[in-house]
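The values are calculated or read from the model by the stated rules, or taken from the named source; none is laboratory data. Nothing here was measured: the structure is a model prediction, and the numbers come from that model. Please note: Cβ atoms are built from the backbone with ideal geometry, for glycine as well, and neighbour counts cover all protein chains shown. Surface accessibility is based on the protein's heavy atoms, side chains included, excluding ligands, DNA and RNA. Shrake-Rupley method; radii C 1.70, N 1.55, O 1.52, S 1.80 Å.
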Amino acid sequence: MERKEPAGVEPPPKQDLCPVLRTPLCICVAFACLAVVLVTSIVLQAVFYPRLMGKILDVESDAQMLKGHVNNISTLGSDLKTERGRVDDAEAQMRIVNASLNRVRSHILFLETSMKLAQDQLQVLTMNWGKVDNLNAKIPELQRDLDKASALNAKVRGLQYSLENVNKLLKEQSDILEMVAQGWKYFGGNFYYFSHNPKTWYSAEQFCVSQEAHLTSVSSEPEQEFLYKAAGGIPYWIGLTKAGSEGDWYWVDQTPFNKEQSRRFWIPGEPNNAGNNEHCTNIRVYALKCWNDSSCDNKFLFICKRPYMQTIE
Ligand SMILES: [Ca+2]
């Protein structure tokens, strides 16, 4: 249905969509414009191409430089790593050196303390040195006193030795007096008992043994002289007998028999072993040559002998 326009209003002219293109002029203008543009473009290319190429070369050169810089930076990074390793090593070395320094400081502290102690001791020693000097001055005097003391000590030792000897002699005298009081005689370190009752030789020896003695032996001329004088010419058994009827003479108290010396003590002509039965010996006369062999069964007085041995108290 056609739409009706209001009355009295003229409709607007119709609009053409491309009035330019509809004309040859427009086309020509368009071509001309395109040609201008094309020519301008070519001219511009001709003008600016060398410059552009120069710029491109510059850019390539810059790129090469940048690449070189990048390579340098890579090398620097590697160097930095190496340097970092060295720095780490140096730090480790520093730590070791610091530890050593700490130990050295401890040693120094210890040495300082020791030095202080030594100084204190040195001060004490210095103080004592004065005392030592005083003592040194007194040494000669002390030496004289010491010499006197040594001399006194020697005298004391001498007196002590004398006193011991005196005590020993007193003890010996006391022992001798005690034995003498019991009827024993003392001569040359031995006690002798001169019996009052006659006995056979064996009985006499048994009695002597009961008195911690034996029939007497004679081992020297003084002893022989003492015995015959004490016997006074009265017969006394002594301890000389034979080992069996034909044996050698021997002393019953085990004193070694001196055959050569004994030759001077027999009565001339004795021992005669009268009746082949005289195997025991007695003192018969008042003389150095007083011995006689006799029958052991005869009864005579007898002499016991006991060596004196001082008892240790
Ligand atoms: Ca005879």
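Kindly provide the set of residues from region 206-265 that are closer than 13 Å to residue 194 by Cβ and among the basic types (Lys, Arg), ordered by number.
229 - this is the single residue of region 206-265 that is closer than 13 Å to residue 194 by Cβ and among the basic types (Lys, Arg).
Go through region 271-291 and count every residue that is within 21 Å of residue 247 (Cα to Cα) and free of Cβ contacts under 8 Å to residues at least 40 places away in the same chain.
Residues flagged as within 21 Å of residue 247 (Cα to Cα) and free of Cβ contacts under 8 Å to residues at least 40 places away in the same chain within region 271-291 amount to 9.
Sort out which residues of region 157-179 are of a type outside the set (S, T, N, Q) and open to solvent by less than 80 Å² (accessible area, probe 1.4 Å), and write them in order of number.
158, 166, 171, 172, 175, 176, 179
Could you check, for region 233-255, whether at least one of its residues is within 60 Å of the chain's Cα centre (by Cα), away from the ligand (no atom under 15 Å from the Cβ), in the same structural domain as residue 210 (by TED's automatic domain parsing) and touching a residue at least 24 places away in the same chain (Cβ under 8 Å)?
yes
Go through region 144-179 and give me each residue that's closer than 17 Å to residue 310 by Cα and among the aliphatic types (A, V, I, L, M).
163, 166, 169, 170, 176, 177, 179
Among the residues in region 121-136, are any open to solvent by less than 70 Å² (accessible area, probe 1.4 Å), among the small types (Gly, Ala, Ser) and at pLDDT 90 or above?
No, region 121-136 contains no residue that is open to solvent by less than 70 Å² (accessible area, probe 1.4 Å), among the small types (Gly, Ala, Ser) and at pLDDT 90 or above.
Out of everything in region 282-313 that is aromatic (Phe, Trp, Tyr) and over 60 Å from the mean Cα position of the chain (by Cα), what residue ends up being nearest to the ligand (Cβ to nearest atom)?
It comes out as 291.
What strands (runs of 3 or more DSSP E) completely inside region 203-313 contain at least 3 residues that are open to solvent by less than 60 Å² (accessible area, probe 1.4 Å) and over 22 Å from residue 188 (Cβ atoms)?
291-294
Every residue in region 264-281 that is over 12 Å from residue 220 (Cα atoms) and either away from the ligand (no atom under 14 Å from the Cβ) or of a type outside the set (A, V, I, L, M, F, W, C) (or both), please.
Result: 268, 269, 270, 271, 272, 273, 275, 276, 277, 278, 279, 281.
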